[in-house]
Amino acid sequence: MHRGVKCNESRPHSVTMDKTLLEMATSPFTTSLLTLRASSSSSYSKLSFIRASSRRDLFKGVALQALPLLLLRPSLAREVEVGSFLPPSPSDPSFVLFKASPKDTPALRAGNVQPYQFILPPTWKQARVANILSGNYCQPKCAEPWVEVKFEDEKQGKVQVVASPLIRLTNKPNATIEDIGSPEKVIASLGPFVTGNTYDPDELLETEVEKLGDQTYYKYLLETPYALTGTHNLAKATAKGNTLVLFVASANDKQWQASQKTLKAMLDSFLL
């Protein structure tokens, strides 16, 4: 009974409140206020849309203006033929000359690798090196080899420069490549970085020792039927400072028939 009486007593108050709220909602002041807010909201939405559109147009314009610059900068756009940004080789104008500098790789910026150079055909393109392979995450003290740069041409093959910390090969600081060991010993340690998977000593066809000034290079010709890089591989290795640097030229059977001389010229041109 008590709950029923209380409910009956509260009913008139509820009706009064509902009536009051209805009057407030339909009053001219409230209607004008809601209309003003709706109008303001609409205006704000239109203004926001205009601003967003302006920003999009602005960014689009900047992007279109920047596109030619991106195409000219090899560090930002790698699908450009190297002949569009590298100078002709002084020794053979039919090639262009790539001289690595600190802006090109993390290891060069860290001083772990000395600048190197080599020639390549002007129609080749520079390929991106994945961050995990570039040594960017471990510089300046990397324990494992990393890829410096890569260039490729679908008709002729590909080349890459691989760097390995000397500590992985010898305990002697500033060791020469002769200090590390014979050509056969060096390729046995670095072979998997030439083939991309495994190395079998039977795949080694030729070795050569080349001395240029104070620098000694080991050169290799390999036939690698199971290699991920290609069935034919050329390699050239030398050591300087705390790093051994390996230049690798790779091709499949079809590419090798068409570009064997070109790949050998690129290998011979590699200097550290």
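The values are calculated or read from the model by the stated rules, or taken from the named source; none is laboratory data. For clarity, every value in this text was computed on a predicted model and none was experimentally measured. All Cβ positions, even for glycine, are placed from backbone atoms using ideal geometry, and neighbour counts span all protein chains on display. Quick note on the areas: whole protein, heavy atoms, side chains included, nothing else; ligands and nucleic acids left out. Shrake-Rupley method; radii C 1.70, N 1.55, O 1.52, S 1.80 Å.
Observations on the structure shown:
- Checking each residue in the stretch 71-90 for being polar (S, T, N, Q), open to solvent by 50 Å² or more (accessible area, probe 1.4 Å) and modelled with pLDDT of 95 or more picks out only 84.
- When restricted to residues that are touching a strand residue (DSSP E or B) at 6+ places or on another chain (Cβ under 6 Å) and of a type in the set (S, T, N, Q), the stretch 246-258 contains 2.
- Verdict on residue 210 being in contact with a helix residue (DSSP H, G or I) (Cβ under 9 Å, 6 or more places away or on another chain) and crowded, with 18+ Cβ neighbours inside 10 Å: no
- Residue in the stretch 91-109 that is surrounded by 21 or more Cβ atoms within 10 Å (Cβ to Cβ), in a loop (DSSP other than H, G, I, E, B) and at pLDDT below 95 present: yes
- Qualifying residue in the stretch 227-235 (condition: in contact with a His (Cβ under 8 Å, 6 or more places away or on another chain) and of a type in the set (A, V, I, L, M, F, W, C)): no
- Looking only at residues in the stretch 149-161 that are open to solvent by less than 10 Å² (accessible area, probe 1.4 Å) and touching a residue at least 60 places away in the same chain (Cβ under 8 Å), the one that is farthest from the chain's Cα centre (by Cα) is 157.
- Some residue of the stretch 125-140 being at pLDDT 95 or above and open to solvent by 40 Å² or more (accessible area, probe 1.4 Å): yes
- For residue 110, the conditions (1) farther than 21 Å from residue 249 by Cα; (2) in contact with an Asp or Glu (Cβ under 8 Å, 6 or more places away or on another chain); (3) among the hydrophobic types (A, V, I, L, M, F, W, C) are fulfilled apart from (2).
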